[in-house]
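The values are calculated or read from the model by the stated rules, or taken from the named source; none is laboratory data. Here the structure is a predicted model, which means the values were calculated and not measured. Every residue, glycine among them, receives a Cβ derived from its backbone with ideal geometry; neighbour counts consider all protein chains shown.
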């Protein structure tokens, strides 16, 4: 025999038949009924036909001639609406995608040795043109999420450089390697000392730039 406490704590279950009264399960609490018409949520104690029908007759008597299909279609439209959490989730993903694109493009700029201003001067306008001309979509929201200013590109490159340097140094601590020194010249006649390391990783010979330093003298002597 059930005690009064057990009977009181037992939750009422939603029935699919409650849709004919315009009620569905609440999005935030499946044990609570929600009226599709006024979108009011009730406690679990109201999860019984008499209470739901009472609300329907008192508050929405003008819809008493509507059939079940009408309320089922209303439910589909309601479920299709984005919630606040899904909106934030979608916005967060777009922001992350924009940030990832910013890093990838900054890496390409660094690899080609182009001035960092090329991000704003050429790449962003090119992206905008592709979005509007080829994809036929407004570009404003996407462009806002891809930061390619001179300072942004420099910051991205610095962050990636620090990460690569740290990873390389950590790996060199665990393996044997050889060092090669070389001298190079910039277009401005500045001399650079380059240091390369060679090591074996995953059964392959790898070569990476360890550091580059300006030399006190230039190529003019």
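Here residue 69 passes the criteria (1) loosely packed, with under 13 Cβ neighbours inside 10 Å; (2) at pLDDT below 90; (3) assigned to a helix (DSSP H, G or I) except the one numbered (2).
Going by the structure shown, is residue 145 under 25 Å from residue 117 (Cα atoms) and in contact with a helix residue (DSSP H, G or I) (Cβ under 7 Å, 6 or more places away or on another chain)?
Details: under 25 Å from residue 117 (Cα atoms): yes; in contact with a helix residue (DSSP H, G or I) (Cβ under 7 Å, 6 or more places away or on another chain): yes.
Spelling it out, residue 145 is indeed under 25 Å from residue 117 (Cα atoms) and in contact with a helix residue (DSSP H, G or I) (Cβ under 7 Å, 6 or more places away or on another chain).
In region 132-143, the residue that is nearest to residue 97 (Cα to Cα) out of those that are touching a residue at least 12 places away in the same chain (Cβ under 8 Å) and assigned to a helix (DSSP H, G or I) is 142.
Quick check on this structure: which one of 200, 179 is assigned to a strand (DSSP E or B), more than 27 Å from residue 215 (Cα to Cα) and out of contact with any helix residue (DSSP H, G or I) (no Cβ under 7 Å at 6 or more places or on another chain)?
Testing whether each residue is assigned to a strand (DSSP E or B), more than 27 Å from residue 215 (Cα to Cα) and out of contact with any helix residue (DSSP H, G or I) (no Cβ under 7 Å at 6 or more places or on another chain) leaves just 200.
Note on region 155-176: residues that are in contact with a helix residue (DSSP H, G or I) (Cβ under 9 Å, 6 or more places away or on another chain) and modelled with pLDDT of 90 or more amount to 0.
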